[in-house]
Amino acid sequence: MRNLLAAEWRKAWTGRSWLVLLCCGSFMCLITSFGYASQGNQAIEQGTATASSVTGDVVRSWMMMLLFAGLFGAVVVGREFSSGTIGRSVLLGGSRARLFGAKLAVGTALGALSGLFAVALGLLSAWGTLSGYGRTPQWTGETWLTVLGVFLCSLLAGPWGVFLGWLCRNQLASVATVLGLTLLVDPALQRLVPAVGKYLMTIAMSSVYRDRHTDLLSEPVALLVIAGWLLAAGLAARAIVLSRDISS
């Protein structure tokens, strides 16, 4: 299994997909963090915000890395179906179950790396953007809970993307599914039917990174909901992998 994990890890970094996702995610998060810092500076001057709340907002803006962690996980699986190499990977891996486990492990590790990257740059951007306005970031217990939430969401987005990759069995379809659920379907349902929307995967993650939206689940319940989505998607993906023609 160690050799299989090493091979899947190397394949994950093959090509430029990881670099494109990393650059796009960093750019979006940086732009958003500058916006929060600018608006926050004005709010502080008006007395409607504090340095600690603005610090939390800037760090929270890096939660968008969860989208790119999910995309990375989806690509790890989907591109092998699109390139037609998935059958060979199963043969070299020894079995479908072993390959499924190896890609899940790699996708989770990629999610963890994305989370660490988001946390590191989130902390740096809070210092850099606020310093540009002559202010010092203020770190409170709430801020550190936000930092932890940003990391956890990226970590959990990795296996979520892997499962969607197995379910879609196509790189373009899996990427479109991750984007559609994260940016369109889940937010739309939250606005239209908030009582239902808060139980969706992306919206439950909002509770974990401590979004300021009022109609959200508590963090413990949100984590249970996320676990339920991951379990359901994982079981469905594994069933498809073990029962269907791997090349179809």
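Mean residue ellipticity at 222 nm, helices only, the chain: -26000 deg cm²/dmol; runs of at least 4 DSSP H residues each add -39,500 (n - 2.57), and the sum is divided by the number of residues.
Measuring nothing but protein heavy atoms, the accessible surface of region 129-187 at 1.4 Å probe radius is 70 percent carbon and sulfur. Extension gain, Q42 to L224, is 61.8 nm, computed as 0.36 nm per intervening residue step minus the present C-alpha separation.
Applying 1/(1 + (r/R0)^6) with r as the Cβ-Cβ distance of N170 and R16 and R0 = 22 angstrom yields a FRET efficiency of 0.65.
Accessible surface ranking for D57, D211, 1.4 angstrom probe, highest first: D211, D57.
Sparse packing (at most 12 other Cβ atoms within 10 Å of the Cβ) combined with a DSSP loop state is found for the following trypsin sites (Lys or Arg not before Pro) in region 144-230: R212. Considering the zone a paramagnetic label at D211 would reach in this model (a point 7 Å from Cα along the Cα-to-Cβ line), which residues of region 28-60 have amide N under 17 Å from it? Only 29, 32-33, 36, 57-60 pass the distance filter.
Can you tell me the FRET efficiency between A239 and T140 if r is taken as the Cβ-Cβ distance and R0 is 51 Å, rounded to the nearest 0.05? Once rounded, the FRET efficiency stands at 0.70. The residues of the chain expose, per residue, 47 Å² of accessible area to a 1.4 Å probe. Round to the nearest 0.05 the FRET efficiency obtained for L124 and C23 when R0 = 22 Å and r is the Cβ-Cβ distance. Using R0 = 22 Å, I get an efficiency of 0.85.
Assign one of three labels to the chain, namely rounded, prolate or oblate, based on the Cα gyration tensor with a ≥ b ≥ c the square roots of its eigenvalues; rounded applies when a/c is under 1.5, prolate when it is not and a/b is larger than b/c, and oblate otherwise. Here the chain falls in the prolate category.
In a reduced charge model with +1 at each Lys and Arg Cβ and -1 at each Asp and Glu Cβ, region 2-97 shows a dipole moment near 640 debye about its Cα centre. Per-residue packing, averaged as other Cβ atoms within 10 Å, sorts the ranges 179-185, 103-109 into the order 103-109, 179-185, beginning with the highest. For region 190-248, the carbon plus sulfur part of the accessible surface works out to 65%, probe radius 1.4 Å.
The values are calculated or read from the model by the stated rules, or taken from the named source; none is laboratory data. Source: prediction; values computed, not measured. Every residue, glycine as well, gets a Cβ built from its backbone with ideal geometry; the counts of neighbours run over all protein chains shown. Each accessible area value is taken on the protein alone, full model and side chains, heavy atoms only, with ligands, DNA and RNA left out. Shrake-Rupley method; radii C 1.70, N 1.55, O 1.52, S 1.80 Å.
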